[in-house]
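Following: one structure in structure tokens, then a few remarks.
The values are calculated or read from the model by the stated rules, or taken from the named source; none is laboratory data. None of the values given here were measured: they were computed from a predicted structure. Every residue, glycine among them, receives a Cβ derived from its backbone with ideal geometry; neighbour counts consider all protein chains shown. All accessible areas refer to the heavy atoms of the entire protein, side chains included, with ligands and DNA or RNA removed. Shrake-Rupley method; radii C 1.70, N 1.55, O 1.52, S 1.80 Å.
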Amino acid sequence: MSDPILRVKNLSKHFIITGSNIAGKTIINAVRNISFDIYEHDSFGLIGESGSGKSTTANLVLRLLEPSSGTIEIFGKDITWLDEAGMRRHRKDIQIIFQQSGNSLDPKMTVGELLMEPLKIHGIAGEKEYDKETDRLLEMVGLTPKDKSKYPSQMSGGQNQRIIIARAIAVRPRIIVCDEPVASLDVSVQGQILNLLMDLKEELGLTYLFITHDLKVVRHICSRIAVMYNGEIVEMGEMREVLEKPRGDYTKLLVESIL
Amino acid sequence: MKRMNMPLIMGTLIIVLLLAVILFPEAFTSKSPYNMQHLIFSREGGSLEVEVAPHPPSAQFILGSDDMGRDIYSFIIYGTGLTILLGVLTAIGRFLIAVPMAISAGFGNGTSKTTIRQFNILFSAIPALLISVIILKLDYLAGLDKRASILAFVTVLSLVGWPKLGALLMERVDFINKQPFIRSEVAIGKGRIKIAVENVFPHLAPEMVVLFFMEIARALSMIMQLGIFSVFVGFLKIIKDTEGGVSFYDISFEPEWAGMLSTAKNFLSTAPWAVIFPAIAFFISVLGFNLFGEGLRNILQRKDSLFIPRVRKLLSFDIKYIWSSFSRKGKAFSVIFVVSIIFSLSFFILAGNGKKLDITDVSLPEAHTAVIGTDEAYAAARLISTKMEELELTPMDSESFIHTYTIPTVSLILEQKFVLGNQDKYSAGTDYTILDSPDGSFSGGIYDATRMDLFSMEDFSMMEDYFVMIDKAYYNDAAISYFMNKIEGSVSVRGFILVARSGEMHPNIYCDRIAPTTRVMISGETAKDIKDMEKPEINISISAKTLGETGLNVIGFCKGMDELLNEEVIMIGLPFNYSDDGEKQILGFGIRLMEEICKKDKNRRSLMFVFMDGTDYSKLSGIHALEADYPYSASKTKVFINMLDLNQAGFDNLIFSNLQAPFTRQYAWSLGRQLKSNLEQAGIGITEAKSIFFGDQYYFTDDPTYNTMFMDRGIATIIIAADDEGNGKNSIEHLGRILVDTINDNIY
Amino acid sequence: MTTSTEDNMNSLLKISNLQVSLGTKYKPVKIIRGFDLCLEKGEIVGVLGESGSGKTVSSRMIAGLFEKDESSMDAGEILFKGKNLTMLSEKEMNMIRGREIAYVFQDPTMSLNPYKKVGKQLRDFLDTHDIEYTSESLVNTLKEVGINRPETVLEMFPFQLSGGQNQRIMICQAILGKPDLLIADEPTSSIDAMLRKKILDLLTDINRKYGMAIIFITHDFDVAKYICDKLVIMYGGLMIEQGPLERILSNPMHPYSDELIKCASSLDSGDSRLYSLEGSPLVPSQFRDECPFYNRCAYRIDSCLEGIPKMVDVTGGSTRCPVWAERGKSRV
């Protein structure tokens, strides 16, 4: 196998919460010393319950949070300690698809503006091609160009999730971190989005770091998974192997909990 | 059924009403807020009833009057502008401090965050109201004039009020920053400043608009509270000398609501209307701004509001490009620049425009001189009177603008020569002055009688055919005149040389032609020269022209717009004689000044322009005639602006005095103060006219004509004259603009 | 299914043709356009619907949890043990709420006072409703809902406990009053999957033990499948199908139910390609007088646009799709 496209080594993050009393400093170890590699065109699942540290990991990998220790490498380049401006150049390569919620898109920007932003920032297309490019993106995620003038609030949850996806793929990234992309969607819509994600992966040759608590979703998307518990990776391996023959106690409990 | 936005409708109604009142106060009341009617007389059943202010609400005073007999209703109407302006300026001031602080704090600037927090703690420990009262009660701040007082007020209220606003905005910025979409903007690689401009600020904008109106309401209620503590703009402390001692009043002559509360609170039990109605005015406007803010909130924060996208578009179009093209230093500079522009703009709005009064296009007579009693003077007077007609001024008597008066016979010196020995170095006015002489050339020796006791002399034969030199220092004028008559009666002399008393030398273009021989006054230095000569010889030649016997005062009356105030008159006195081109410009200046002041239909009071003849020679000055036969009620003449000695088109300093416009003459006093401070602000230096405190009044020693109007007629006088020192860096055009602005702006 | 009048009288809860608008009287938005429910003692009925379907509003309406000025009932009646709940005064309703009808919220923190110890809260609740209890019975009930150290937990504050524990305490409070009806509004959606199963098992246990009827509101097909006896499926503010779970699973009688089941089972399967239903659920602003599912339906015919279809009885329940009820499931 070739070199990993994303490599996380001994990554830790602790939050210090200052209490009201003088000595009241609580340290929360959200992520403890985790390591994993993701290879090109792979789809790596990070699963766990709420509070297991999987979302913190996603934010760390994207440098939306500052890690406490450890290293993050993409394409062999250490991005752990890049400054804000330095990191901004790498945002083109690694993108995130957030969980759709009321305000994950600026509610006062039209769909067109939202999609144009990444194009402008990273100079993806010339100014004259913005229109064409946004149309193309909209079509790719199953929306129509006439949606451009709409505001996120005028669209359904599923459509908003599609816009979030379109924004992520606009800069032509190679890695996309999907943070619970279907968790807040209705059952009848979840399938659409998951299918879209899988299609895009094929079409654009993407690599996913897929974060979810839903083991059913994992089954469809991921080839390798890591199970997180209490900030640590407790089990990692091929998806089928882990889910069908779980070794750790926690993984067993998790698999049993599927209804 | 669609839901009506009641707060917005109510708020808009109130604000529109306030605006209408501010812009067209005269549409709401015909009464002047400055008019005082302390006593009301009425005849009832044959007996005279006298009612003393404060008057209760009645047909005459809709909402009653205050203790000075001013109409509460019109005071409220005319006070709206200033009161609301204060509120708005304070809100702007607070925003100017709070917004940058809040945004930088919201983006994690520790210093700003701490500053906002600490100030909030400070002002929750010590009420902001208390601090403002203490600061604004300082003698220095309390004694400022209107504009400076507004500035001080707004500054103090902004400083004590911004932390609360800052904290509110900071929280809001914090809240916006925590929204998930900000994180997604970071994730696509947007820079911090861009996020601030394109995402945070637009989302903050509706809140800011709403808070702005709420802030005006907050500022207004603060101003109201300050009013109760006798702190208000346009603060005047009137000291009234009564028999029991000195009493102090806090009285506002500026219509403004807080000031009304302050004055009226002492009469709460006897004249509740004087407190209640201003308080209601405050209440309504506070309510109005609050409702308007609330209503805007309903609109702007509606889901489908397009306000935020519009703000964003506005910002991304301009600022982004301009901003990114600046260097770091340039950015700091531009912030300072913008802030100072805003400040100076608001200042200029208050200060009026700074343009000069252009006098170049005034058409002036062709003659090079126009001296009293000459045809040229008559031509100039005609010119002025034509101008007055054009400006639709009215003459004081129905006949003519030109009033004549008789002057003593004098002659205008056309040519003069003074040669001592063979020295021709002496100049008229400083070394010698011919007082009285027949035409011709006279020469002869000089008999020095300065050491003689002329009173006890009987035999004057040794003076035969000599010029007799007498030292004026030893005798008074009457004695000298007696000697000269006596000497001439006994022997024939060539003439008299009078050694001037210290400081008595003056230039003179006039002389008498009554005496049979020459009388010339010389300076001490010239006298010394004579004494140093062994056999002094002198030659004096003179030709003169006797002037007409009539002086001309041109008087025009410009009626004020305010029916209740146009009985009151501002008199402006100007010279119109000239003997050189510089002085000729003064005439132009006078005409343009008249045009400027009268053409603006802004004058509430009437104006009386008096162009006076003979102002360069006290004996001939038209002011005496004017005083003796004053064409208007002296008690209704509120002030006389005396510019009769304004004899230079350029000057460094002005001789200025408002000493004869004391406290007790309220209007004149305020105008004088305003004028003085405006002159100082424009960089025109001021020299006080020489005065002595005589009796209980100031008396000017330099020029007796200065005193005439005040001493003899009781008309408060402000003196403006040119100081002949310096090289003329300021011009009358400067002065003219200041005069126009001050007279038009002064609304007392 | 045919129901006689006598059956109606014996039903624990009988809701017919409920229509509800929310919002102020100036700007009402119709949320529920037609909801019927018949619940017998001891039954677990699942109300299944996606966002905007009106499932939560209908359940809150039953418990009378709306203020008078924020909701209006446009039509219908709610008969609980023969009493019309909508006619009751606030005071009478308070007596029923908690005692006879208990409500468990999605977010337990909504109903627990964070500054009151758990024990105190439970005792206060019991005192308000005059329910007899002993310390022992309290501890036992807590054990029953799966709290391991009840004595300690009674002395703790809600914020010291996890979401799952708080949810158990809520359920404990709900069953302490031994109500006849428990309304559980998405009780498992805010807690982790591992706890979800335990909570569901707990509810089933309680149902068996006390014969307590449960209305279970959920958007999660798996959850509904796991716990319910009967199912009410909602879409676009309308009940579109109801009937026993088994029947609906094996033979859905409404295209939407059919699609929903296909979507869910596709997720369960190991298929690489998921079955998906195009379009998105209706939101109240899009409600029109036509079949709510028309836009996404593969079986639609023109008559579907002629007003909101009526409920039609079919074997084992009823459906709002007259097309399937009359012609069978065949594409036109």
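Once the Cβ-Cβ distance of B:ARG192 and C:GLU136 is raised to the sixth power relative to R0 = 60 Å, the FRET efficiency obtained is 0.50. Surface composition of the protein assembly as shown: carbon plus sulfur atoms contribute 54% of the solvent-accessible area (1.4 Å probe, protein chains only, all chains present). Extending 7 Å from the Cα toward the beta-carbon at both A:GLU129 and B:LYS535 defines two label points whose distance is 11.7 nm. Take the alpha carbon gyration tensor of the protein assembly as shown, find the square roots of its eigenvalues, order them as a ≥ b ≥ c, and report rounded if a/c is under 1.5; if not, report prolate when a/b exceeds b/c, else oblate. Since a/c reaches 1.5 and a/b is larger than b/c, the shape of the protein assembly as shown is classed as prolate.
Going by a ≥ b ≥ c, the root eigenvalues of the Cα gyration tensor, does chain B fall in the rounded group (a/c under 1.5), the prolate group (a/b larger than b/c) or the oblate group? The partial results should precede the final answer.
On the way: a/c = 2.87, a/b = 2.12, b/c = 1.36.
Prolate.
For chain A, the mean residue ellipticity at 222 nm estimated from helices alone is -10000 deg cm²/dmol, where every DSSP H run of n ≥ 4 contributes -39500 (n - 2.57) and the total is divided by all residues, rounded to the nearest 500. Over chain B, DSSP H runs of length four or greater, each weighted -39,500 (n - 2.57), average out per residue to a 222 nm ellipticity of -14500 deg cm²/dmol. Can you give me the C-alpha center-to-center distance between the stretch B:389-452 and the stretch B:655-695, rounded to a whole angstrom? Cα centroid of the stretch B:389-452 versus Cα centroid of the stretch B:655-695: 33 Å apart. For chain C, a Gaussian network of Cα nodes joined below 10 Å ranks C:MET110, C:MET61, C:MET212 by mean-square fluctuation, and the top entry is C:MET110. What the phi angles of the stretch B:291-298 give under the Karplus curve with 6.51, -1.76 and 1.60, with θ = phi - 60°, is a coupling list of 4, 4, x, 4, x, 4, 4, 4 Hz, glycine and proline written as x. Under 5 Å from the amide H of B:TYR447 lie the amide H atoms of B:PHE467, B:VAL468, B:MET469, each residue being 5 or more positions distant or on a separate chain, with H modelled from the backbone and absent for Pro and chain starts.
State the extension gain, in nm to one decimal, for the chain segment bounded by B:GLU49 and B:PHE28, taking 0.36 nm per residue of separation less the distance between their alpha-carbons. Write down the numbers at each step before the final one.
On the way: separation 21, 0.36 × 21 = 7.56 nm, distance 3.04 nm.
Difference between extended and current length: 4.5 nm.
The 3J(HN,Hα) values that the Karplus relation (6.51, -1.76, 1.60; θ = phi - 60°) gives for the stretch B:277-289 are, in residue order, 5, x, 4, 5, 4, 4, 4, 5, 6, 4, 4, x, 5 Hz. Gly and Pro appear as x. Determine the alpha carbon to alpha carbon distance for each of B:LYS472/B:LYS531; C:LYS27/C:LYS225; B:LYS113/B:LYS190; C:LYS209/C:LYS262 and list only those over 27 Å. Going by Cα-Cα distance, C:LYS27/C:LYS225; C:LYS209/C:LYS262 fall outside the 27 Å limit. Packing here is the average count of other Cβ atoms within 10 Å per residue, and on that basis the peptides B:191-204, B:636-649, highest first, run B:636-649, B:191-204. Rounded to the nearest whole Hz, the Karplus-based 3J(HN,Hα) values (6.51 cos²θ - 1.76 cosθ + 1.60, θ = phi - 60°) of the stretch C:221-233 follow the sequence 4, 4, 4, 4, 4, 6, 10, 8, 8, 10, 10, 10, 9, with x at glycine and proline. Model label sites at C:LYS209 and C:PHE66, defined 7 Å from Cα along the beta-carbon direction, differ in position by 3.5 nm.
Using only atoms on other chains, find how many Cβ atoms lie within 10 Å of each Cβ of peptide A:167-180 and report the average. Mind showing how you got there, number by number?
Details: counts 4, 3, 0, 1, 2, 0, 1, 0, 0, 0, 1, 0, 0, 0.
Partner Cβ neighbours, averaged per residue: 1.
Which value, in square angstrom to the nearest 100, describes the accessible area buried between chains A and C on both sides, using a 1.4 angstrom probe? Approximately 2500 Å², summed over both chains. Distance from the alpha carbon centroid of the stretch A:7-86 to that of the stretch C:117-173 works out to 37 angstrom. Take the alpha carbon gyration tensor of the stretch B:411-546, find the square roots of its eigenvalues, order them as a ≥ b ≥ c, and report rounded if a/c is under 1.5; if not, report prolate when a/b exceeds b/c, else oblate. Judged from the Cα gyration tensor, the stretch B:411-546 comes out rounded (a/c under 1.5).
Residues in the protein assembly as shown average 45 Å² of solvent-accessible surface per residue, probe 1.4 Å, ligands and nucleic acids excluded.
The distance between label points at B:ALA148 and A:SER153 comes to 5.2 nm (points 7 Å beyond Cα on the Cα→Cβ vector). For peptide B:297-309, the mean count of partner chain Cβ atoms within 10 Å of a residue's Cβ comes to 2. Projecting the Cα positions of B:ILE9, B:ALA91, C:LEU238 onto the charge dipole of the protein assembly as shown (unit charges on Cβ atoms of Lys, Arg, Asp and Glu, taken about the Cα centre) puts C:LEU238 furthest along the positive direction.
Contact with the other protein chains removes 50 Å² or more of accessible area, compared with the isolated chain and a 1.4 Å probe, from these residues of the stretch A:201-241: A:LYS216, A:HIS220.
Net charge dipole, the stretch B:501-546: roughly 220 debye, given to the nearest 20, about the Cα centre with Cβ charges of +1 for Lys and Arg and -1 for Asp and Glu.
Proximity of backbone amide H atoms, modeled 1.01 Å from N, is registered between B:THR687 and B:LEU654, B:ILE655, B:PHE656 at under 5 Å, excluding neighbours fewer than 5 places apart on the same chain.
Across chain B, the relative contact order, built from alpha-carbon pairs under 8 Å that are at least six residues apart, equals 11 percent.
Backbone N atoms of the stretch B:636-679 closer than 20 Å to the 7 Å Cα→Cβ label point of B:LYS356 belong to residues B:646-655, B:678-679. Our helix-only sum for chain C, with -39,500 (n - 2.57) per DSSP H run of n ≥ 4 divided by its residues, gives a mean residue ellipticity at 222 nm of -9500 deg cm²/dmol. Remark: relative contact order (chain C) = 21 percent; criterion is Cα-Cα distance under 8 angstrom and separation of 6 or more residues. Farthest towards the positive end of the charge dipole of the protein assembly as shown, among the residues B:GLY440, C:ILE214, A:ILE211, is the Cα of C:ILE214, using unit charges on the Cβ of Lys, Arg, Asp and Glu. The amide H of A:ILE5, built 1.01 Å from its N in the peptide plane, has A:ILE38, A:TYR39, A:GLU40 as neighbours under 5 Å, considering only residues 5 or more places off or on other chains. Give the list, by residue number, of cysteines in the protein assembly as shown with no other Cys Cβ closer than 4.7 Å, or say none. If one checks each Cβ against the other cysteines of the protein assembly as shown, A:CYS178, A:CYS222, B:CYS511, C:CYS38, C:CYS172, C:CYS228, C:CYS263, C:CYS297, C:CYS321 turn up with nothing under 4.7 Å. For the stretch B:411-546, the dipole from Cβ point charges (+1 on Lys and Arg, -1 on Asp and Glu) about the Cα centre works out to 280 debye, to the nearest 20.
Mean partner shielding of peptide C:273-283, defined as the number of other chain Cβ atoms within 10 Å of each residue Cβ, is 6. The value of relative contact order for the stretch B:411-546, using C-alpha pairs under 8 Å at least six residues apart, is 48 percent.
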